[in-house]
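All remarks here apply to the structure that follows.
FYI, it's all coordinate maths here, none of it is from the lab. Predicted, not measured: the structure shown is a model, and the values here were computed from it. Here the Cβ positions follow ideal geometry from the backbone for every residue, glycine too, while neighbour counts run over all protein chains shown.
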């Protein structure tokens, strides 16, 4: 369960070490500023930046009922973060599956990507789309789609 948090923890640790070094050199303002930058980066790359993940089986079931896409993602992925940020509030309408927390989700991504865990993989009407344009994903949420 710690794997999704590894990058965030590493960022906080590195920021703390760098801030301590600046503090010891007598630059408390720079130390605080640097630590804040690292904490913000850690937050953005943490699982907290994404809507709550559900299992792949449940996500597919819900998608079959409501027709909304399923997004397979993992923390630390810059393309997943790009998709999440560009979707804005629309991201809450999607079903998110963290492949590092759900083995069935990881298996579904590998099956769609020739054995690779390439994310984000978006499942629309049962068809996988690898790293799609966020605007296209948003269009899939519209009632006319």
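Using Cα springs under 10 Å in a Gaussian network model of the chain, which residue among 133, 102, 66 shows the largest mean-square fluctuation?
Maximum among the listed residues: 66.
Could you give the nm distance between label points at residue 23 and residue 127, where each point is 7 Å from its Cα heading toward the beta carbon?
Using points 7 Å along Cα→Cβ, the separation is 5.5 nm.
Any chance you could give the angle, 0 to 90 degrees and rounded to 10, that helix 103-112 forms with the longest Cα principal axis of the chain?
70 degrees
Enter the angle in degrees (range 0 to 90, nearest 10) between the Cα long axis of helix 56-66 and the first principal axis of the Cα atoms of the chain, meaning the one along which they spread out most.
Compared with the principal axis, the helix lies near 60 degrees.
Where does the chain land at 222 nm, in deg cm²/dmol rounded to the nearest 500, when only DSSP H runs of n ≥ 4 count, each adding -39500 (n - 2.57), divided by all residues? Before the final figure, lay out the partial values.
On the way: 6 runs with 75 residues, N = 145.
When only DSSP H runs of four or more count, the value is -16000 deg cm²/dmol.
If I model a spin label as a point 7 Å beyond the Cα along the Cα-Cβ vector, how far apart are those points for residue 64 and residue 110 in nm?
2.3 nm
Helix 28-44 sits at what angle to the longest principal axis of the chain, using alpha carbons and giving 0 to 90 degrees rounded to 10?
Relative to the chain, helix 28-44 is tipped by roughly 10 degrees.
List the extent of the Cα atoms of the chain along each of their three principal axes, largest first, rounded to whole Å.
That works out to 59, 30, 22 Å along the principal axes.
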